[in-house]
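**Q** My structure is below; once you've seen it, I'll send some questions.
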């Protein structure tokens, strides 16, 4: 045996001894053993030296000398380029350093050397996933499981990528394949639950999360996810408990605070929901979803400036949250910052041009800005995207009616019966007889059901005679008690009932069909040019005599009725009601006028205790119903009011009535730009507030009109008396 052969044999022995020491965890001893043969020596084969370098790399890695480990493994590969095991080790090292591009190159070389090695494909997939190459990572994992179908870890890794790629059915299959080999893998059960939730299989997701918790009870992510699934199942108390258990384990878990807030919001515990969202933000200040949900809660709490700030924070951290822009626009609209609202809606539409809600909101804002053609176009775009969009249909209906396009408007206005949030929807569900659709009424018994305001009933009472003319044998009117006496004498009304009595008669099949007065214009084809003449109401003589002595206590002169506030529950009351009686003070400066309060409900306290210098006869708080009010108005010279039922009553009694309209959200019945009304062409005059104009300006215009009318009349009467 030659000396070269002897040396090679001894190095092989050294490598074997060192490998044994490594297996025993004695890395320092193994390193000392191979260190003398690491440098090139005559008679030492490249294979033997490569083995020594591999062992040195493994020892350095185990001893924490990672830079040395990389150097030894790279020297090893230069000595023996086909050393597959070293590619695997070096790839692992580079991956641990976060040097993913270098690790990818190493694993690709390994795959080229060992195309049938499942681990190589799996490791390459892990690096590719870490670099964000999800499609390539999925292909590598798929190759790994094709080589080794029972490779549970590769199935699991592939499932995670498939879930992120939104290939949900494949992700489910991959997680289930992983669980065959890893049945006690709690994370796999939890992630399977996430897939099933996204697939809409809530019960299956619930089972998956519960299995994860059976394996690992102190698992905050699974508890939080279980809270989400319980919320989706409307099991809200259980959902709250699951979120709170997650937070008991991990108090800084921002997602669990967020989900707890969402559950509390569903439970209508909004202050607690707000606190939960703020806790989420405290733990993660850039948590856009928490800022967004906080905006929702603050909006519901009507804390609009704070809601605006929350939505803006959500957008700052995640500009692509479409609904944050849309909801910000809604808040700005409520704050009367309409141009800003339109801009926010435009931002939402830039992100999602097919968002029907944003098109509707644009329409509503533009309608308030009186940009009517643009508002109509926006509503139509919303309906093109969602033909069953009830809010857009109703908004368009109101817009068209206000523009005088009655034929289109009345038809769309019927959509109120399809709106679950409207009282009209409840009417249709409550009344068992058929709803009249414009077919013949000849010989039929018709129930007219009040579901709209008192003023609406007076305005549209003109249709009773027309319904009777359609051949109806009997018309019963179910309405509020306040209307009973005044409506009893209206032409076409055979009986006036309260709602409960009428409902009992419906149950007894007394009526052939029912309708609303506000549906009559559709079925009778009313246009602006064919509006029926207003019903001429009359005041009962006995009631006129009852109120006459009280009215005669006023000083001689003209008697003016006043109403400055409407029903506080009206959706637009903040705009249509005058804040205080004191704002009407300029009217008292017109000589020869005496004022009577017709105010009922809101504003009665002011009427009983008017400001100094504003003497006022308070009668509104003493009336029982509209019949009393009619008897008082019959003895007045003029009624000045805001948009309330008194306007309709006065105009229907043939009394002059001046109506002060709000700046914003003027009711469709008063149309646009007109100072008169086709509904009351000879009795009613409109005083509109211009954009940015306060009530004081409108009141001053009314004062000037009083001067022009009454002082001129007084002068005429004086001249007549002299003759």
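**Q** How about segment 103-137: which of its residues are in a helix (DSSP H, G or I) and under 24 Å from residue 46 (Cβ atoms)? Walk me through it before giving the result.
**A** First pass over segment 103-137, keeping only residues in a helix (DSSP H, G or I): 103-113, 118-130, 134-137.
Within segment 103-137, 105, 106, 107, 108, 109, 110, 111, 112, 113, 120 qualify.
**Q** If only one of 269, 337, 250, 278 is touching a helix residue (DSSP H, G or I) at 6+ places or on another chain (Cβ under 6 Å), without any contact (Cβ under 8 Å) to a residue 60 or more places away in the chain and surrounded by fewer than 23 Cβ atoms within 10 Å (Cβ to Cβ), which one is it?
**A** None of the others qualify; the one that does is 250.
**Q** A further question follows. In segment 567-584, how many are surrounded by 15 or more Cβ atoms within 10 Å (Cβ to Cβ) and not in a loop (DSSP other than H, G, I, E, B)? Before the answer, list the steps.
**A** The initial filter retains those residues of segment 567-584 that are surrounded by 15 or more Cβ atoms within 10 Å (Cβ to Cβ), namely 567, 570, 573, 575-578, 581, 583-584.
Those left that are additionally not in a loop (DSSP other than H, G, I, E, B): 573, 575-576, 581, 583-584.
Result for segment 567-584: 6.
**Q** Can you tell me which residue among 411, 393 is surrounded by fewer than 19 Cβ atoms within 10 Å (Cβ to Cβ), at pLDDT 95 or above and assigned to a helix (DSSP H, G or I)?
**A** Being surrounded by fewer than 19 Cβ atoms within 10 Å (Cβ to Cβ), at pLDDT 95 or above and assigned to a helix (DSSP H, G or I) holds for just one of 411, 393, which is 411.
**Q** Considering only segment 623-633, I want to know if a residue exists there that is farther than 21 Å from residue 657 by Cβ and within 46 Å of the chain's Cα centre (by Cα). Show your work before the answer.
**A** Here is the first cut: in segment 623-633, the residues farther than 21 Å from residue 657 by Cβ are 624.
Restricting the remaining residues to those that are within 46 Å of the chain's Cα centre (by Cα) gives 624.
Yes, segment 623-633 contains at least one residue that is farther than 21 Å from residue 657 by Cβ and within 46 Å of the chain's Cα centre (by Cα).
**Q** If you go through segment 294-319 one residue at a time, how many are under 17 Å from residue 260 (Cβ atoms) and surrounded by fewer than 16 Cβ atoms within 10 Å (Cβ to Cβ)?
**A** 1
**Q** To continue, here is another question. Given 537, 587, which one is at pLDDT below 95 and surrounded by 16 or more Cβ atoms within 10 Å (Cβ to Cβ)?
**A** 537
**Q** Picking from 563, 590, which residue would you name as being out of contact with any strand residue (DSSP E or B) (no Cβ under 8 Å at 6 or more places or on another chain) and in the same structural domain as residue 612 (by TED's automatic domain parsing)?
**A** Result of the check over 563, 590: 590.
**Q** Same structure, new question: Answer yes or no as to whether residue 553 is surrounded by fewer than 21 Cβ atoms within 10 Å (Cβ to Cβ), outside any strand (DSSP E or B), in the same structural domain as residue 450 (by TED's automatic domain parsing) and touching a residue at least 12 places away in the same chain (Cβ under 8 Å).
**A** No: the conditions fail for residue 553.
**Q** Can we say residue 34 is touching a helix residue (DSSP H, G or I) at 6+ places or on another chain (Cβ under 8 Å), surrounded by 12 or more Cβ atoms within 10 Å (Cβ to Cβ) and modelled with pLDDT under 75?
**A** no
**Q** Report the residue count in segment 362-387 for those that are part of a helix (DSSP H, G or I) and closer than 20 Å to residue 691 by Cβ.
**A** Residues in segment 362-387 being part of a helix (DSSP H, G or I) and closer than 20 Å to residue 691 by Cβ: 13 in total.
**Q** Restricting attention to segment 140-148, does a residue exist that is in a loop (DSSP other than H, G, I, E, B), modelled with pLDDT under 95 and closer than 25 Å to residue 106 by Cα?
**A** No, the conditions are met nowhere in segment 140-148.
**Q** Any residue that is under 28 Å from residue 56 (Cα atoms), in contact with a helix residue (DSSP H, G or I) (Cβ under 9 Å, 6 or more places away or on another chain) and free of Cβ contacts under 8 Å to residues at least 12 places away in the same chain - is there at least one of those in segment 114-137?
**A** yes
The values are calculated or read from the model by the stated rules, or taken from the named source; none is laboratory data. Worth saying up front: this structure is predicted, and the values here are computed from it rather than measured. All Cβ positions, even for glycine, are placed from backbone atoms using ideal geometry, and neighbour counts span all protein chains on display.
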